[in-house]
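The values are calculated or read from the model by the stated rules, or taken from the named source; none is laboratory data. Quantities reported herein were computed from a predicted structural model and do not represent experimental measurements. Here the Cβ is made from the backbone with ideal geometry for all residues, glycine too, and neighbour counts use every protein chain on show.
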Amino acid sequence: MKLILASKSPRRKEILSMVTNDFEIRVSDADETIENGVSPFDVPRLLAIKKAEAVTLNENEVIIGCDTIVISPDGEIMGKPKDDSDAIRMLKKLSNTTHYVTSGICIRSKDKTVSEAVTTKVIMRKLMDSEIENYVNRDHPTDKAGAYGIQEMAGAFVSAIEGDFYNVVGLPLCRLCELLRDNFNLDLLS
């Protein structure tokens, strides 16, 4: 089976490369609109399904679709900020809170589709305005859900996590490997 990653995210590519280099990237152009009333914790799973379904699937291929969002304590879905000022707003809102990062995974072949959401609890320390502004001015995190990358300078903002670290980066590696092994007989670790 040939593995296809339906994502242009360099972070997802890097994480998947930790366990295999035998995959191809096919960027999905899926419409990422979700109807109102869906639980924030289910949004990334539904988006992952859309992404996996928008990529052409050939015989003997397995496609991985993924989407990651940050959910603020008041339930705001924080995707990628639209600009630096939106990034500053998001980080100020996440400062001194416990929030959630949820990634949806959809894996599909010609015969089967499985999907689920993986959530990691993130505790962020109180941030000074100058720290937020310096981070945004330096890293311009407009390509990151919630306006931060835990694997970069913003890792200094996070005091603790409960769950999969790689989920916060953008691809829940442990669960992905389990789903591929248990549902598609693809053991990336052997």
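Residues are listed down the side, and each one gets a yes or a no for (1) among the hydrophobic types (A, V, I, L, M, F, W, C); (2) modelled with pLDDT of 95 or more; (3) in contact with a Cys (Cβ under 7 Å, 6 or more places away or on another chain); (4) under 18 Å from Asp143 (Cβ atoms):
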{"site": "Pro10", "(1), (2), (3), (4)": "no, no, no, yes"}
{"site": "Glu14", "(1), (2), (3), (4)": "no, yes, no, yes"}
{"site": "Met18", "(1), (2), (3), (4)": "yes, yes, no, no"}
{"site": "Glu32", "(1), (2), (3), (4)": "no, no, no, yes"}
{"site": "Cys66", "(1), (2), (3), (4)": "yes, yes, no, yes"}
{"site": "Ile69", "(1), (2), (3), (4)": "yes, no, no, yes"}
{"site": "Gly75", "(1), (2), (3), (4)": "no, no, no, no"}
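From the list Leu188, Leu180, Leu176, Leu171, exactly one residue is within 22 Å of Asn60 (Cα to Cα) and within 14 Å of the chain's Cα centre (by Cα). Which is it?
Of the residues listed, the single one that is within 22 Å of Asn60 (Cα to Cα) and within 14 Å of the chain's Cα centre (by Cα) is Leu176.
Give the residues of the range 122-152 that are among the aliphatic types (A, V, I, L, M) and either buried (at least 19 other Cβ atoms within 10 Å of the Cβ) or farther than 25 Å from Pro44 by Cα (or both), sorted by residue number.
Listed by number, the residues that qualify are Val122, Met124, Leu127, Met128, Ile132, Val136, Ala145, Ala147, Ile150.
Yes/no matrix, rows are residues, columns are (1) assigned to a helix (DSSP H, G or I); (2) among the aliphatic types (A, V, I, L, M); (3) without any contact (Cβ under 8 Å) to a residue 60 or more places away in the chain:
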site: Ala117; (1), (2), (3): no, yes, no
site: Leu127; (1), (2), (3): no, yes, yes
site: Ile132; (1), (2), (3): yes, yes, yes
site: Asn137; (1), (2), (3): yes, no, yes
site: Ile150; (1), (2), (3): no, yes, yes
site: Ile161; (1), (2), (3): no, yes, yes
site: Leu171; (1), (2), (3): no, yes, no
site: Arg175; (1), (2), (3): yes, no, no
site: Asp182; (1), (2), (3): yes, no, yes
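Taking the range 99-144, which residues are more than 15 Å from the chain's Cα centre (by Cα) and among the polar types (S, T, N, Q)?
Correct list: Ser109, Thr113, Ser130, Asn134, Asn137.
Consider only pairs whose beta carbons are under 7 Å apart and that are at least six residues apart or on different chains; among these, list those whose first residue lies in the range 74-91 and is surrounded by 18 or more Cβ atoms within 10 Å (Cβ to Cβ) and whose second residue is in a helix (DSSP H, G or I) and of a type in the set (Asp, Glu).
Ile88/Glu133
Can you tell me how many residues in the range 1-15 are surrounded by fewer than 15 Cβ atoms within 10 Å (Cβ to Cβ) and among the hydrophobic types (A, V, I, L, M, F, W, C)?
1
May I ask you to verify whether Ala156 is touching an Asp or Glu at 6+ places or on another chain (Cβ under 7 Å) and either surrounded by fewer than 18 Cβ atoms within 10 Å (Cβ to Cβ) or outside any helix (DSSP H, G or I) (or both)?
Here the answer is no, as Ala156 does not meet what is asked.
Matching residues to (1) in contact with a helix residue (DSSP H, G or I) (Cβ under 7 Å, 6 or more places away or on another chain); (2) more than 15 Å from Thr68 (Cα to Cα):
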{"site": "Ser109", "(1), (2)": "yes, yes"}
{"site": "Lys112", "(1), (2)": "yes, yes"}
{"site": "Val136", "(1), (2)": "yes, yes"}
{"site": "Val158", "(1), (2)": "no, yes"}
{"site": "Asn167", "(1), (2)": "no, no"}
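Looking only at the range 19-46, count how many residues are polar (S, T, N, Q) and either in contact (Cβ under 8 Å) with a residue 60 or more places away in the chain or within 28 Å of Leu186 (Cβ to Cβ) (or both).
3
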